[in-house]
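Down below is the structure, laid out as structure tokens.
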Amino acid sequence: MFEKQAWMHRAGEYPQSDQEYFGLLARAVFSAGLGPKVVESRWKEMGRAFHGFDPAKVAAMGEADVSRLLGDPGVIRNRRKIEAVIENAKRFVENLKDQASFHSYIAGLGAPEDLDMAAEQLTQTFAHLGRTSALFFLFSAGWRPPQTADA
């Protein structure tokens, strides 16, 4: 499916916090169309720029923050992706109002039994997240189809 990177979770070993899930979601958005080395080389600065990927703090970011990030050479300066991560933080926080955790939200989408269905739901909920990016997010967060759970 995807080439496992050192930062990715092993099958069945999921993020321990909503903040960690949001960081992986942001990484999926920024990774679309870019090589893994590009994203990896800037990820530490991306975390700093996006408040450690705290979804509530990112959701509070506005146009002044977008402008600041577009001028920051340490981050991936793509307006659509920056704006999508901020919008996704708002949607992420909104989804948590009805769930105990983001992990339970994903499980409620049908994962891991039907990762395609879960990915489809994620693409309909989050901005700048296509099917491949949604599957990349699920894979990086430790979700695998039952038949490949040991991968």
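Kindly indicate whether any position in the range 51-59 is in contact (Cβ under 8 Å) with a residue 12 or more places away in the chain and under 14 Å from Ala141 (Cβ atoms).
Within the range 51-59, one or more residues are in contact (Cβ under 8 Å) with a residue 12 or more places away in the chain and under 14 Å from Ala141 (Cβ atoms).
This table checks each residue for (1) exposed (fewer than 14 other Cβ atoms within 10 Å of the Cβ); (2) outside any helix (DSSP H, G or I); (3) within 13 Å of the chain's Cα centre (by Cα).
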{"position": "Asn95", "(1), (2), (3)": "no, no, no"}
{"position": "Pro112", "(1), (2), (3)": "no, yes, no"}
{"position": "Ala118", "(1), (2), (3)": "no, no, no"}
{"position": "Ala134", "(1), (2), (3)": "no, no, yes"}
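Please go through the range 1-37 and pick out each residue that is of a type in the set (A, V, I, L, M) and assigned to a helix (DSSP H, G or I). Walk me through it before giving the result.
Here is the first cut: in the range 1-37, the ones of a type in the set (A, V, I, L, M) are 1, 6, 8, 11, 24-26, 28-29, 32, 34.
Listed by number, the residues that qualify are Leu24, Leu25, Ala26, Ala28, Val29.
Residues of the range 56-81 being acidic (Asp, Glu), assigned to a helix (DSSP H, G or I) and surrounded by 12 or more Cβ atoms within 10 Å (Cβ to Cβ), which ones? Quick ask: steps written out before the conclusion?
First, the residues of the range 56-81 that are acidic (Asp, Glu): 63, 65, 72.
Retained after the next criterion (residues that are assigned to a helix (DSSP H, G or I)): 63, 65.
Within the range 56-81, just Asp65 meets the criteria.
Which condition number in (1) among the aliphatic types (A, V, I, L, M); (2) surrounded by fewer than 16 Cβ atoms within 10 Å (Cβ to Cβ); (3) within 14 Å of the chain's Cα centre (by Cα) is the one that Ala84 fails?
Failing condition for Ala84: (2).
Working carefully through the options Arg10, Arg80, find the one that is touching a residue at least 40 places away in the same chain (Cβ under 8 Å), more than 30 Å from Glu113 (Cβ to Cβ) and among the charged types (D, E, K, R). Before you say what the answer is, go through the steps one by one.
Working: Arg10 fails: more than 30 Å from Glu113 (Cβ to Cβ).
Being touching a residue at least 40 places away in the same chain (Cβ under 8 Å), more than 30 Å from Glu113 (Cβ to Cβ) and among the charged types (D, E, K, R) holds for just one of Arg10, Arg80, which is Arg80.
Given the structure, is Ile86 assigned to a helix (DSSP H, G or I) and of a type in the set (Val, Ile, Thr)? Can you show your working first?
Numbers: assigned to a helix (DSSP H, G or I): yes; of a type in the set (Val, Ile, Thr): yes.
Answer is yes for this residue.
Coordinate-derived values only; no laboratory data. None of the values given here were measured: they were computed from a predicted structure. Cβ coordinates were reconstructed from backbone atoms using ideal geometry, including for glycine residues, and neighbour counts include every protein chain displayed.
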